[in-house]
Amino acid sequence: MKLVANVASGIEAVTKRELSDLGYETQTENGKIYFEGDYSDVAKTNLWLRSADRIQIILANFKAWSFEELFDRIYEIPWEEIIPLNGKIIVNARSKLSKLFSLSDIQAISKRAIIKKLQTVYHRSGHLPETGAIYSLNVRFEKNQAEVLLDTTGDSLFKRGYRIEKGVAPLKENMAASLILLTNWHPDLPFVDPMTGSGTLAIEAALIGANIAPGLKRDFLFNHFANVDPKILEEAKIFAKEAINRSVNLEIFASDLNQNMIAISEQNAHGAGIHNLIQFKQVALRDLELDNKKGVIVVNPPYGQRMGEINQAHELYRQMGEKFIPLNKWSKYIITSDLDFEEYYGEKATKKRKLFNGAIRTDYFQFWGEN
Ligand SMILES: C[S@@+](CC[C@H](N)C(=O)[O-])C[C@H]1O[C@@H](n2cnc3c(N)ncnc32)[C@H](O)[C@@H]1O
């Protein structure tokens, strides 16, 4: 099958490397990494990819300029091999620079073609029951070229299933993992998140450090498909559990000014089953004590986007500079939407990377440590 991993813009290289580490050859486009595989690969990638949003199967690719053509091309897909009589069919549409642009029409006509095909094959004239497993399809037009995709994931992969509570402006789990995978951190080095909020960065670092598959605690749509043996996911989960490094020794430190956030982080770390791998502490940045040894600091500070908070954010960036610049052996990585961050921090970044934290345009400021 032709498969595609959807990722946030700017994160493609991370997902490409993850897929390549899992043994796949890939092709990258904006926000999409294409690869090939069967349902065991669907299980493996849903279970293991830390940076992606979802995995979809590409069912068809065609050009269409009219709704008649769209209906015919969709009807031609062998839906009876994919969707059982009681399958619940959801169709979403997107269109960019294409003659067919009405999303509600693309949706309705695609669904009508699928239903018509199933009615014909299953010899049903009336409504189909749609009481069974969910088949969530995406019909995406770009320059009159349509891609028909079947979602295998369901809730986005950032929903790992461990987060019990969140604080203000939490990072999505796949974004936090991507930020870590963009650093030079490896499990032998200390990892510090001094503004941990609900603990996402520290928890994702612990999952990476102990080689715990991020999807172990959740379910996926494909596992309920009529043509998929549930043993495929069961077995992938067994392998993943065997792959956990249970004797790993990690130095992960998570702190926050706010005691309530520390309590929330601890709960979430419990939920993720890695509470013993993180040292939590309530401490303000200015009182944080770090030896000047090799390690990695990743920070998602307040961005100061709300009225009246910008000066506070700038003051915090100044404090970060005072604290971090002398620690020249540490590598420091800071994500913020304040593109003048370096000015307040007091040092030019070694490298910057444009990223979107949800809808927010940010830069990932990287200050590489001396080796
Ligand atoms: C944007 S949130 C971090 C969100 C976190 N990455 C998550 O995924 O939940 C910023 C955090 O910085 C903390 N903070 C603000 N000022 C601080 C300071 N001076 N020292 C330590 N933490 C501070 C806030 O309490 C807040 O939890």
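The values are calculated or read from the model by the stated rules, or taken from the named source; none is laboratory data. What you see is a predicted model; the values in this text were computed from it and never measured. Here the Cβ is made from the backbone with ideal geometry for all residues, glycine too, and neighbour counts use every protein chain on show. In case anyone asks, the SASA skips ligands and DNA or RNA and just uses the protein heavy atoms, side chains included. Shrake-Rupley method; radii C 1.70, N 1.55, O 1.52, S 1.80 Å.
Toward the positive end of the charge dipole of the chain, about the Cα centre and with charges on Cβ (Lys, Arg +1; Asp, Glu -1), which of Ile180, Asn61, His275 goes farthest?
Farthest towards the positive end: Asn61.
Does anyone have the angle between helix 259-272 and the longest principal axis of the chain? Alpha-carbon axes, 0 to 90°, nearest 10?
50 degrees
So if I take the alpha carbon set of the chain, get Rg, then get Rh from the Kirkwood formula, what is the Rg over Rh ratio?
1.03
Among Phe239, Phe367, what's the order by accessible area (1.4 angstrom probe), most exposed first?
The ordering from most to least exposed comes out as Phe239, Phe367.
For the peptides 135-144, 307-316, 64-73, what is the packing order when you average, over each peptide's residues, the other Cβ atoms within 10 Å and list the highest mean first?
The densest-packed peptide leads the list: 135-144, 64-73, 307-316.
For Thr28, Thr45, give me the order by solvent-accessible area with a 1.4 Å probe, most accessible first, ignoring ligands, DNA and RNA. Mind showing how you got there, number by number?
Numbers: Thr28 70, Thr45 0 Å².
Reading off the accessible areas and sorting them downward yields Thr28, Thr45.
Report, to one decimal in Å, the Kirkwood hydrodynamic radius for the stretch 2-151 based on all distinct Cα pairs.
Evaluated on the stretch 2-151, it is 16.3 Å.
Whole Å is fine, so just give me how far the alpha carbon centre of the stretch 129-185 lies from that of the stretch 274-316.
When both Cα centres are located, 28 Å separates them.
Roughly how tilted is helix 67-76, in degrees to the nearest 10 and between 0 and 90, from the longest Cα axis of the chain?
That works out to roughly 90 degrees.
Cross-link candidates for Lys348: which lysines have Cα within less than 23 Å, leaving aside residues fewer than 8 places away along the same chain?
Excluding near neighbours in sequence, the set is Lys293, Lys294, Lys323, Lys329, Lys332.
Counting only protein heavy atoms, what percent of the accessible surface of the stretch 287-359 is carbon or sulfur at a 1.4 Å probe?
Numbers: 1830 of 3950 Å².
Carbon and sulfur atoms account for 46 percent of the accessible area of the stretch 287-359.
If I fit a long axis through the Cα atoms of helix 39-48 and take the longest principal axis of the Cα atoms of the chain, what angle between them do I get, 0 to 90°, rounded to 10?
For helix 39-48, the angle is close to 20 degrees.
About the Cα centre, and with charges only on the beta carbon of Lys, Arg (+1) and Asp, Glu (-1), how big is the dipole of the stretch 237-371? Nearest 20 debye, please.
So the dipole magnitude of the stretch 237-371 works out to roughly 560 debye.
On a 1.4 Å probe surface of the protein chains, which of His275, His127, His224 comes out largest in accessible area, and what is the full order?
Result, largest first: His127, His224, His275.
Relative contact order (percent) for the stretch 2-151, with alpha-carbon contacts under 8 angstrom and 6 or more residues of separation?
26 percent
What distance in nm separates the simple spin-label points at Arg306 and Asn184, each placed 7 Å from Cα in the Cβ direction?
Distance between the two pseudo-spin positions: 3.8 nm.
Nearest 0.05, what FRET efficiency do Glu25 and Lys281 give at R0 = 41 Å with Cβ-Cβ as r?
Calculated value: 0.40.
Could you check the simple spin-label distance between Asn227 and Ala169, using points 7 Å along Cα→Cβ, in nm with one decimal?
Rounded to a tenth, the inter-label distance reads 4.7 nm.
Report for the stretch 289-371 the percent antiparallel among DSSP-assigned beta bridges with both residues inside it, nearest 5.
Of all bridge pairs located within the stretch 289-371, approximately 70 percent are antiparallel.
Ranking request for peptides 317-328, 97-108: highest mean number of other beta-carbon atoms within 10 Å first, then the rest in descending order.
For the peptides 317-328, 97-108, the packing ranking is 317-328, 97-108.
To make sure I understand the rule: partners must be lysines, Cα under 23 Å from the Cα of Lys143, and not fewer than 8 residues away in the same chain. Which ones qualify?
Within the straight-line cut-off, Lys143 pairs with Lys2, Lys32, Lys63, Lys96, Lys99, Lys111.
Would you tell me the accessible area of Arg124, worked out with a 1.4 angstrom probe on the heavy atoms of the protein chains, in Å² to the nearest 10?
110 Å²
Report the charge-dipole magnitude of the stretch 2-151 in Debye, nearest 20, computed about the Cα centre from +1 at each Lys and Arg Cβ and -1 at each Asp and Glu Cβ.
Computed about the Cα centre, the dipole is about 420 debye.
If you roll a 1.4 angstrom probe over the protein chains with everything in place, what fraction of the accessible area of the stretch 1-133 belongs to carbon and sulfur, to the nearest %? Kindly include the intermediate steps, with their values, before the conclusion.
On the way: 3360 of 6660 Å².
Of all accessible area on the stretch 1-133, carbon and sulfur atoms account for 50 percent.
Counting alpha carbon pairs within less than 8 Å and at least 6 residues apart, what relative contact order, in whole percent, applies to the chain?
15 percent
Starting from the 7 Å offset along Cα-to-Cβ, what nm value, one decimal, do you get for the label separation of Glu343 and Lys294?
Label at Glu343, label at Lys294, 3.6 nm between them.
Take every DSSP beta bridge with both residues inside the chain and express the antiparallel ones as a percent of the total, to the nearest 5. Write down the numbers at each step before the final one.
On the way: 38 of 62 bridges.
Antiparallel bridges: around 60 percent, rounded to the nearest 5.
Read phi for every residue in the stretch 178-185 and hand back ³J(HN,Hα) as whole Hz from Karplus 6.51 cos²θ - 1.76 cosθ + 1.60, θ = phi - 60°, with x for Gly and Pro.
5, 4, 5, 5, 8, 9, 9, 5
Heavy atoms of the protein only, probe of 1.4 Å, neighbouring chains included. What is the accessible area of Leu339 in Å², nearest 10?
80 Å²
Would you mind getting the accessible area per residue of the chain, heavy atoms of the protein chains only, 1.4 Å probe, in Å²?
Spelled out: the 1.4 Å probe surface of the chain, per residue, equals 47 Å².
Where the only charges are on Cβ atoms (+1 Lys, Arg; -1 Asp, Glu), what is the dipole of the chain about its Cα centre, to the nearest 20 debye?
520 debye
Under a straight-distance cross-link criterion of Cα-Cα below 21 Å, which lysines are reachable from Lys237, leaving out those fewer than 8 residues away in the same chain?
Of all the lysines, those that pass the test against Lys237 - Cα under 21 Å, at least 8 places apart if same chain - are Lys44, Lys159, Lys217.
Quick one: of the DSSP bridges fully inside the stretch 2-151, what percent are antiparallel, nearest 5?
75 percent
Please give the Cα centre distance for the stretch 49-95 versus the stretch 216-271, rounded to the nearest Å.
Between the Cα centre of the stretch 49-95 and that of the stretch 216-271, the gap is 30 Å.
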